[in-house]
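To start, the structure itself, in structure tokens.
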Amino acid sequence: MQKRIAIVTGASGGIGKAFTKLMILENVDEIWAIARNKEKLAHLQNEFGKKIIPLSKDLASSSELHSIGQMLEEEKPTISFLINNAGVARMGLSKDFGVDEIQSTIDINCRAFAVLCTLCVPYMKEGSRIINISSAASFQPLPYLNLYSATKAFERYYSRALNVELKGTGITSTAVCPSWVDTDLLEKELNGKKIRFPDLISADKVAQKALKDAKRGKDMSVCKLHVKFDHLLTKIFSQKACMRTWLGKTKNYI
Ligand SMILES: NC(=O)c1ccc[n+]([C@@H]2O[C@H](COP(=O)([O-])OP(=O)(O)OC[C@H]3O[C@@H](n4cnc5c(N)ncnc54)[C@H](OP(=O)(O)O)[C@@H]3O)[C@@H](O)[C@H]2O)c1
């Protein structure tokens, strides 16, 4: 019998670890836990058991990304869940970003996620779920988070369009759009000033709500009422007005 698997990228910490914990309770034989840090992945296996298959891969590398496709070809599993969660972010002036950082951010946040969707769909069947961790940063352009918000908009658009294409297959694609989540991704200070993150939420809460929404077949998962309200505001007001509001929030740090 074909084995059933879940694939979680960025499983070594934060939201990815929270999803990995949830996948243990699902009807899957293996959880392919993908990230770069071998020690953290080994620790994940010690914590959650032998269902965890640690795969140390750099998703910014084409060859390492394609090696996941080769593994799928060899093992031909049924993929019950694909959780595209790995992501990077940095706040700052766009002139301070080097070419390599721009390239790798796009590779991880955009290319890896789109490639994995394409590689995995052929191994999915009715009831399989794709969960893509976008962000509330995808709702509008964010100066000083230009690159991040643009890559997250790519992810949300791609995910929602894919969900439409998958109609009739019983497979769904859900874009998850949390606001600030309490993980290592958040920079603690900028230009020597401590950053405040209002309404910080836990990774566990985001993962639980996203899994529930994905099982219901929702194409977007937004945790917390205030984030839904923010989304509504970006539909009502112009992008220029939304950016002015954002600049008001960031002016203390930049
Ligand atoms: N925290 C927030 O406020 C927030 C809000 C909205 C959306 N999100 C999104 O949520 C997702 C998870 O973020 P998080 O907050 O949980 O951050 P995190 O704690 O920093 O986790 C990021 C994960 O991505 C992995 N990763 C980074 N670069 C990688 C690469 N080149 N190849 C493979 N894996 C890589 C990291 O593992 P290794 O370092 O071991 O490779 C880590 O497991 C991201 O897509 C982020 O954009 C976060």
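The values are calculated or read from the model by the stated rules, or taken from the named source; none is laboratory data. Keep in mind that what you see is a predicted model, and the values were worked out from it rather than measured. Note that each Cβ is placed from the backbone with ideal geometry, even for glycine, and that neighbours are counted across all protein chains shown.
A compact table of results
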item	result
Hey, residue 106 within 12 Å of the ligand (Cβ to nearest atom) and under 24 Å from residue 218 (Cβ atoms) or not	no
Residue ID - nearest to residue 131 (Cα to Cα), chosen from residues in region 16-45 that are among the small types (Gly, Ala, Ser) and not in a helix (DSSP H, G or I)	33
Among the residues listed as 49, 16, 10, the single one being on the phi > 0 side of the Ramachandran plot, of a type outside the set (D, E, K, R) and in contact (Cβ under 8 Å) with a residue 60 or more places away in the chain	10
Flag if residue 133 is touching a Gly at 6+ places or on another chain (Cβ under 9 Å), at pLDDT 95 or above and closer than 17 Å to residue 32 by Cβ	yes
Region 84-101 - residue that is surrounded by 13 or more Cβ atoms within 10 Å (Cβ to Cβ) and of a type in the set (A, V, I, L, M) and, of those, farthest from the ligand (Cβ to nearest atom)	91
Filtered residues of region 109-129 (kept if hydroxyl-bearing (Ser, Thr, Tyr) and either over 28 Å from residue 185 (Cα atoms) or within 14 Å of the ligand (Cβ to nearest atom) (or both))	123, 128
Tabulated pairs, region 140-152, first touching a residue at least 12 places away in the same chain (Cβ under 8 Å), second basic (Lys, Arg) and assigned to a loop (DSSP other than H, G, I, E, B), C-beta under 9 angstrom, 6+ apart or interchain	145/90; 147/90; 148/90
Conditions (1) outside any helix (DSSP H, G or I); (2) within 16 Å of the ligand (Cβ to nearest atom): number failed by residue 151	(1)
